[in-house]
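Asker: Here it is, the structure, as structure tokens.
The values are calculated or read from the model by the stated rules, or taken from the named source; none is laboratory data. These numbers were taken from a predicted model, which means no experiment stands behind them. FYI the Cβ positions are ideal-geometry reconstructions off the backbone, even for glycines, and counts take in every protein chain you see. We work out accessible area using only protein heavy atoms, side chains counted, and drop any ligands, DNA or RNA first. Shrake-Rupley method; radii C 1.70, N 1.55, O 1.52, S 1.80 Å.
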Amino acid sequence: MLIDFVPDGSLYPFESRWFDSSVGRVHYIDEGTGPPILFCHGAPTWSFLYRHLVRGLRDRYRCVAVDYLGFGLSERPPGFGYTIAEHTAVLGELIDHLRLDGFVLMGHDWGGPIGLGASTARADRVRGLVLGNTLFWPTEAMANRVFSMIMSSRPMRKRILEQNFLVERVLLAELGSELTTAEADHYRAVQPTAEARRGLTVLPREIRAARPLLDQLARDVPALLGDKPALLVWGMRDMAFRPNAYIPRMRATFTDIDIVELPRARHFVQEHAPDVITAAIAKRFP
């Protein structure tokens with residue numbers, strides 16, 4: 001199924017583009033010219049999360065932002081499992097289709113493992129990395145594992161499907177008054193029905209189920225991407241990705257890393273501090 005929704009051009013002033021991957025039709029935007037930046041979202045968001053950054057950078061960069069299958073305007077194909085491994089494979093197909101070379105990857109939340117997984121396989125084409133409130137290793141944090149177990153339970157899966165729980169009670173509960181009603185409705189509109197939300201029910205389970213993939217990334221990222229210029233933009237009030245637990249490992253992984261702390265930002269840093277992040281990217285990758 002495809003989502004019958006046309007974003008408001010004043011909020012999302014980009015041309016929708018489509019890629020027929022091996023398993024389904026992928027929506028993405030491709031704005032501006034210059035060195036390419038690939039923006040990878042997490043859950044329960046879509047490329048709309050990057051709208052401020054794309055508007056701020058497309059005069060100097062080629063900005064590509066993707067919606068994974070099951071998210072945003074992309075297809076919900078029958079038989080697709082919506083696992084991190086599957087999303088990673090489809091993203092790799094898109095990178096090759098667009099012939100991205102010398103690209104900077106920005107990954108947030110699950111966009112970190114998905115984007116890094118596709119990038120380690122193409123390390124010679126990666127210019128640098130921007131990582132925000134994400135990881136690339138199995139998490140042992142009790143809070144994250146408990147979240148995974150609770151959200152994977154039958155009652156919570158039902159709430160995700162029937163009440164759009166992850167959008168309403170996680171994303172919008174955090175952002176609150178920072179979004180206009182129209183902006184909040186853009187997050188709701190791309191997950192309009194239970195059928196459209198099936199991909200959302202998989203990713204909480206993946207916190208535990210994707211351990212083999214995350215174990216591999218824990219080895220591959222330092223070995224293949226550890227010498228790439230890196231920029232860390234971190235919401236310091238994120239209770240799920242606590243800075244004291246994550247920033248030291250990021251610092252130890254990359255030999256050339258700049259860290260921008262966002263003291264008032266929680267998890268969805270692109271909404272909390274878009275101007276700071278935009279300036280940091282332009283400074284780090286001139």
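Asker: Inside the range 136-156, can you point out the residues that are over 20 Å from the mean Cα position of the chain (by Cα) and among the basic types (Lys, Arg)?
Answerer: ARG154
Asker: So which of GLY128, GLY112, GLY102 is buried (at least 24 other Cβ atoms within 10 Å of the Cβ) and of a type in the set (Gly, Ala, Ser)?
Answerer: Details: GLY128 fails: buried (at least 24 other Cβ atoms within 10 Å of the Cβ); GLY102 fails: buried (at least 24 other Cβ atoms within 10 Å of the Cβ).
Answer to the selection: GLY112.
Asker: Still on this structure: Looking only at residues in the range 243-273 that are in contact (Cβ under 8 Å) with a residue 60 or more places away in the chain and assigned to a loop (DSSP other than H, G, I, E, B), which one is farthest from LEU171 (Cα to Cα)?
Answerer: If we take residues in the range 243-273 being in contact (Cβ under 8 Å) with a residue 60 or more places away in the chain and assigned to a loop (DSSP other than H, G, I, E, B), then PHE254 is farthest from LEU171 (Cα to Cα).
Asker: Determine which single condition HIS27 fails, assuming it passes every other condition in (1) open to solvent by less than 20 Å² (accessible area, probe 1.4 Å); (2) in a loop (DSSP other than H, G, I, E, B); (3) more than 20 Å from ALA273 (Cα to Cα).
Answerer: Among (1) open to solvent by less than 20 Å² (accessible area, probe 1.4 Å); (2) in a loop (DSSP other than H, G, I, E, B); (3) more than 20 Å from ALA273 (Cα to Cα), HIS27 violates only (2).
Asker: Name every residue in the range 237-262 that is among the aliphatic types (A, V, I, L, M), closer than 27 Å to VAL146 by Cβ and either surrounded by fewer than 17 Cβ atoms within 10 Å (Cβ to Cβ) or modelled with pLDDT under 95 (or both), in order of residue number.
Answerer: Within the range 237-262, MET239, ALA240, ALA245, ALA252 qualify.
Asker: Got a sec? Which of LEU100, LEU11, LEU94, LEU69 is assigned to a helix (DSSP H, G or I) and either of a type in the set (A, V, I, L, M) or farther than 22 Å from ASN164 by Cα (or both)? Steps first, answer last, please.
Answerer: On the way: LEU100 fails: assigned to a helix (DSSP H, G or I); LEU11 fails: assigned to a helix (DSSP H, G or I); LEU69 fails: assigned to a helix (DSSP H, G or I).
Residue meeting the stated conditions: LEU94.
Asker: Within the range 1-24, how many residues are aromatic (Phe, Trp, Tyr) and open to solvent by less than 30 Å² (accessible area, probe 1.4 Å)? Don't jump to the end; show me each part of the working.
Answerer: Within the range 1-24, the subset aromatic (Phe, Trp, Tyr) is 5, 12, 14, 18-19.
From what's left, open to solvent by less than 30 Å² (accessible area, probe 1.4 Å): 12, 14, 19.
Number of matching residues: 3.
Asker: Still on this model: Hey, any hits in the range 49-65 for a residue that's in a loop (DSSP other than H, G, I, E, B), touching a residue at least 12 places away in the same chain (Cβ under 8 Å), touching a Leu at 6+ places or on another chain (Cβ under 9 Å) and not charged (D, E, K, R)? So that I can check it myself, show each step before the final result.
Answerer: Keep residues of the range 49-65 that are in a loop (DSSP other than H, G, I, E, B), which gives 58-61.
Applying the additional criterion that residues be touching a residue at least 12 places away in the same chain (Cβ under 8 Å) yields 58-61.
Filter once more, so that each one left must be touching a Leu at 6+ places or on another chain (Cβ under 9 Å): none.
Among the residues of the range 49-65, not one is in a loop (DSSP other than H, G, I, E, B), touching a residue at least 12 places away in the same chain (Cβ under 8 Å), touching a Leu at 6+ places or on another chain (Cβ under 9 Å) and not charged (D, E, K, R), which makes the answer no.
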